[in-house]
1. Scan the helices (runs of 4 or more DSSP H) fully inside region 297-372 and keep the ones with 3 or more residues being within 19 Å of the chain's Cα centre (by Cα) and either outside the structural domain of Lys195 (by TED's automatic domain parsing) or farther than 30 Å from Ala271 by Cβ (or both).
2. How many of the residues making up region 286-318 are polar (S, T, N, Q) and either in contact (Cβ under 8 Å) with a residue 60 or more places away in the chain or buried (at least 21 other Cβ atoms within 10 Å of the Cβ) (or both)?
3. Spot the failing condition for Ala96; the list is (1) surrounded by 22 or more Cβ atoms within 10 Å (Cβ to Cβ); (2) aliphatic (A, V, I, L, M); (3) in contact with a His (Cβ under 7 Å, 6 or more places away or on another chain), and only one is missed.
4. Any idea how many residues of region 168-196 are buried (at least 22 other Cβ atoms within 10 Å of the Cβ) and either outside any strand (DSSP E or B) or of a type in the set (A, V, I, L, M) (or both)?
5. What tally of residues in region 1-56 results from selecting those that are among the polar types (S, T, N, Q), assigned to a loop (DSSP other than H, G, I, E, B) and either under 26 Å from Glu210 (Cβ atoms) or at pLDDT below 95 (or both)?
6. Regarding Leu212, is this residue touching a helix residue (DSSP H, G or I) at 6+ places or on another chain (Cβ under 9 Å), loosely packed, with under 15 Cβ neighbours inside 10 Å, not assigned by TED's automatic domain parsing to the domain that holds Glu299 and not acidic (Asp, Glu)?
7. Examine region 160-167 for a residue that is in contact (Cβ under 8 Å) with a residue 12 or more places away in the chain, over 29 Å from Arg269 (Cα atoms) and not in a loop (DSSP other than H, G, I, E, B), and state whether such a residue exists.
Amino acid sequence: MEQLAVFGGTPVREERIYYGRQCIEQDDIDAVAETLRGDLITCGPKVEALEAKLCEVTGAKYAVVVANGTAALHLAALAAGFGEGDEVIVSSITFAASANCVLYCGAGPVFADIRPDTYNIDPESVESLITPRTKGIVAVDFTGQSVEHDALGRICRKHGLTLIEDAAHAIGTKYKGQPIGSIADMTCFSFHPVKTVTGGEGGAITTNNEALYRRLMRVRTHGITRSQDEMVHPTDARWYNEQVELGYNYRMTDFQAALLLNQLHKLPRFAARRREIVERYDREFSRMPELVVQREIPESDTTRHLYILRLNPDRLKCDRRQFFDALYAENTCPQVHYLPVYWHSYYEKLGYRRGLCPNAEKYYEEVMSIPLYYGLTDEDVDDVVRAVKKIVDYYRV
């Protein structure tokens, strides 16, 4: 690539560093091994213990753990009753699963724009998109920063909407001191390896609503129940279970739950280190007019999943692709989060067109995610900063 030649010579660092990485320690391995030696390796005591721990961490009354974050979103959309003819407002800058879960239920995603400074869903855009067919909102805590719950809550109460919070990035974040997971009607988490804590894969839905909880538990396991209260043909026979609706096999294994449970005990430590790195990046990059630092609302005490480096095109003689390739050549390997969902070719086939969300589209052209994870050393962070400065100096107007 051209930029490799431009930045020929010795890169800032010898070994590549990627934007995200899990932290697996010996006690995590021991927890998994112990569970594998036990009698139950799926839907056993570790799953129940994990659900209890998630309630403790989030402050929610109920937690349902599932196979992954997409499964969590799908089940939340089902439990909300989204269906054919409904519209559900979603963020335009997010992983596709935030919108796909609406399609899974036969409803139609409607894409809201983002705020140009926080990159989270804009409540004013949401309000402008509501129609008589609107049934709910899927709001994403992008990069880990909380959505504006006060504004979105008012909108939902005014129009009778269900709020699903996609908190895949936000385990450990608080809004006005209240943990994410206990505020929205349902909150969905992901525990993919690049997240703050991981189960390898894994997801969860938290809620304070008992009726939603009971349905989530049921559809997680094929729509089958052993509760006489839910059966059409109740019996006290020990062997009897009954499918009362169409559900899915979205269960988590006990050894995944063991890993994730052990990781959750480390959440304060993991979160504190991420905050240290974000503070260092913010301090360094805010001094550079060629870059734009993401604004954080004062209500959000954020455990950051992603660090977004945004370019100021008026101050640089390069586009995002050139900057990205140059950074990669310095062995600091970024990523881009995300393509506006409706730009995906699948959504184009559904009739969505570019131009729907101007802030989101401008954002996409100017950003990349740089390394942020617990295992980064101070020297690693220094190298990332040095690489960014080197490229900015080269391309400065």
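The values are calculated or read from the model by the stated rules, or taken from the named source; none is laboratory data. Source: prediction; values computed, not measured. As a convention, Cβ positions derive from the backbone with ideal geometry for all residues, glycine included, and neighbour counts pool all protein chains shown.
1. 358-366
2. Residues meeting the conditions: 4.
3. Single failed check for Ala96: (1).
4. 14
5. Of the residues in that region, 1 qualify.
6. So Leu212 does not fit the description; no.
7. Yes, there is a match, as at least one residue in region 160-167 is in contact (Cβ under 8 Å) with a residue 12 or more places away in the chain, over 29 Å from Arg269 (Cα atoms) and not in a loop (DSSP other than H, G, I, E, B).
Each row is one residue, and each column tells you yes or no for (1) more than 30 Å from Thr253 (Cβ to Cβ); (2) within 17 Å of the chain's Cα centre (by Cα); (3) assigned by TED's automatic domain parsing to the domain that holds Cys156; (4) not charged (D, E, K, R).
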site	(1), (2), (3), (4)
Pro11	yes, no, no, yes
Cys55	no, no, yes, yes
Val66	no, yes, yes, yes
Ala72	no, yes, yes, yes
Phe82	no, no, yes, yes
